[in-house]
Each structure stands twice: as C-alpha cells, then as structure tokens.
1. Mind listing whichever residues of the range 17-29 are over 15 Å from Leu97 (Cα atoms) and out of contact with any Leu (no Cβ under 7 Å at 6 or more places or on another chain)?
2. Can Asn45 be described as more than 30 Å from Phe113 (Cβ to Cβ) and either of a type in the set (A, V, I, L, M, F, W, C) or within 12 Å of the ligand (Cβ to nearest atom) (or both)?
3. Only one of these conditions is not met by Ala77: (1) out of contact with any helix residue (DSSP H, G or I) (no Cβ under 7 Å at 6 or more places or on another chain); (2) open to solvent by less than 70 Å² (accessible area, probe 1.4 Å). Which number is it?
4. Could you please find all residues in the range 30-43 being open to solvent by less than 70 Å² (accessible area, probe 1.4 Å) and either more than 15 Å from the chain's Cα centre (by Cα) or free of Cβ contacts under 8 Å to residues at least 24 places away in the same chain (or both)?
5. Quickly run through the range 137-184 and pick out the residues that are on the phi > 0 side of the Ramachandran plot and under 18 Å from the mean Cα position of the chain (by Cα).
6. If a residue has to be within 11 Å of the ligand (Cβ to nearest atom) and exposed (fewer than 14 other Cβ atoms within 10 Å of the Cβ) to count, how many in the range 137-155 make the cut?
7. What is the residue count in the range 156-175 for residues that are within 16 Å of the ligand (Cβ to nearest atom), outside any loop (DSSP other than H, G, I, E, B) and surrounded by 12 or more Cβ atoms within 10 Å (Cβ to Cβ)?
Amino acid sequence: MSKKIVILNGSPRLNGNTKGLIEAFTKGAESQGHNVKCFDLQTMNIRGCLGCFGGGKDKASPCVQKDDMIKIYPEYAAADIVVLASPMYYWGFSGQLKCAFDRLFAVAECDKFYRNPKKDCIMLMASEGDSKSNAEPVINYYESLLKHMGWKDLGHIIAGGVMKIGDIKGHKALAEAEKLGASL
Ligand SMILES: Cc1cc2nc3c(=O)[nH]c(=O)nc-3n(C[C@H](O)[C@H](O)[C@H](O)COP(=O)(O)O)c2cc1C
C-alpha cells in the first residue's frame, strides 16, 4: 500500500550532504509508489516555540504563531512516516529542524493528555565525524524522542566523514538510504 512520507529537511545547504541522503531515500521510496513530500525548512519562515501552552485549539492551525508551519501541519497530520533529515550540529539536529519539531507540540496540545499522533519515523543525517562515539549522542536523543512521541523507528542512517558540499558522492550511506526507502 502506498504510504505518505513527509521529510523535514533541516539542512541549510539545499544541495548539501543531507540533501544527497534525502534524494537517495526518495528515489527508493518512490520506486515503490510511495508519496514523498520534502519541506526544505531553511526556505521557510518558521519561528521557535514560545512555550505559551496556548495551542491546540484549532486542529488545522494548532499553534498560536501563524507562520509557515501552517503548510506543514496538514501534511504531518496525513503522514504515515516522518523523516527527520539534518546535518549533525553539535551532536544534535540543526536549529531549523529543532524549531519545526518543537512546533509539533501544538498538535499534541489538541489532545487533553498531550498524546501525539502515531507515526513511523526515520532519521537521515550527515556528519563530519565518522566514529561510533560521535554518533552516539544523537542516536540516544533520537531514541528518547521517539519513545516520548510513541513513534516507531524504521531506520536511522548517519553518513559520517562528510564535511563539504559534495562529500556525500559515492558514500555507502546513499545506497543504504535508497534501500531503506525501497523497503517501506
Ligand atoms: C554549526 C555546525 C556544527 C557542526 N557540528 C558537528 C558535530 O557536532 N559533529 C559532526 O560530526 N559534525 C558537525 N558539523 C559538520 C556537519 O555535520 C557536516 O558538515 C555535514 O556534512 C553538513 O551537512 P549538509 O551538507 O547537509 O549541510 C557541524 C557543522 C556546523 C556548521
């Protein structure tokens, strides 16, 4: 059955290493007839969460801030799979992705017990470091996040050893990302 996949791309470099992973993943997913929508967060006006706890009143536009998150909320609601794509920035997600993700809290606020909609999730990440210890903090974070959200991990790929735009070319993670996309 065709799945709806939403990619939140937190890389500010629109032709960077993260985008390489996204393209390979998308190729695999589309080969199986899945519907993929990628949001390049860098090109969007998305402000950080205000922590006002005042959202959740309108399902179509749950946050009190009215910015480009309005484009993401309906796609997120309909998505079977959410892909968190980002360069590794200080052993975490980029600010662009963190801001967008925090704003999904407004969706949880639609539920009186703050339950999040059930999703499957994938992480695609590019990083300069290429060791297990370099990847560990972000994998811990990703696993804790999914536990909190109640989401299932379908796979997480960290392409290590890539710094400059273009470094991802020929990286083994590209084949892994395509295979992951095709496996859905
Ligand atoms: C602000 C900043 C923080 C970074 N922090 C890390 C880090 O903690 N660990 C790491 O391995 N690489 C780090 N990097 C390197 C990037 O993850 C790497 O260049 C990646 O390939 C960028 O992906 P992109 O081409 O999609 O922008 C950092 C780069 C920047 C600009």
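The values are calculated or read from the model by the stated rules, or taken from the named source; none is laboratory data. Predicted, not measured: the structure shown is a model, and the values here were computed from it. Note that each Cβ is placed from the backbone with ideal geometry, even for glycine, and that neighbours are counted across all protein chains shown. What goes into the accessible areas is simple: the full protein's heavy atoms, side chains included, and nothing from ligands, DNA or RNA. Shrake-Rupley method; radii C 1.70, N 1.55, O 1.52, S 1.80 Å.
1. Kept after step one, since they are over 15 Å from Leu97 (Cα atoms), are these residues of the range 17-29: 17, 20-21, 23-29.
Selection gives Asn17, Glu23, Thr26, Lys27.
2. Values: more than 30 Å from Phe113 (Cβ to Cβ): yes; either of a type in the set (A, V, I, L, M, F, W, C) or within 12 Å of the ligand (Cβ to nearest atom) (or both): no.
Against the criterion (more than 30 Å from Phe113 (Cβ to Cβ) and either of a type in the set (A, V, I, L, M, F, W, C) or within 12 Å of the ligand (Cβ to nearest atom) (or both)), Asn45 does not qualify.
3. Unmet condition: (2).
4. Taking the range 30-43 and keeping what is open to solvent by less than 70 Å² (accessible area, probe 1.4 Å), we get 33-34, 36, 38-41.
The answer is Gly33, His34.
5. At the first step, the residues of the range 137-184 found to be on the phi > 0 side of the Ramachandran plot are 150, 155, 161, 166, 170.
The answer is Gly150, Gly155.
6. Residues flagged as within 11 Å of the ligand (Cβ to nearest atom) and exposed (fewer than 14 other Cβ atoms within 10 Å of the Cβ) within the range 137-155 amount to 1.
7. Taking the range 156-175 and keeping what is within 16 Å of the ligand (Cβ to nearest atom), we get 156-174.
Now drop any that are not outside any loop (DSSP other than H, G, I, E, B), which leaves 156-159, 172-174.
Retained after the next criterion (residues that are surrounded by 12 or more Cβ atoms within 10 Å (Cβ to Cβ)): 156-159, 173-174.
Counting residues in the range 156-175 that are within 16 Å of the ligand (Cβ to nearest atom), outside any loop (DSSP other than H, G, I, E, B) and surrounded by 12 or more Cβ atoms within 10 Å (Cβ to Cβ) gives 6.
Conditions (1) more than 16 Å from the ligand (Cβ to nearest atom); (2) touching a residue at least 24 places away in the same chain (Cβ under 8 Å), marked per residue:
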residue	(1), (2)
Lys59	yes, yes
Ala79	yes, yes
Tyr89	no, no
Ala100	no, yes
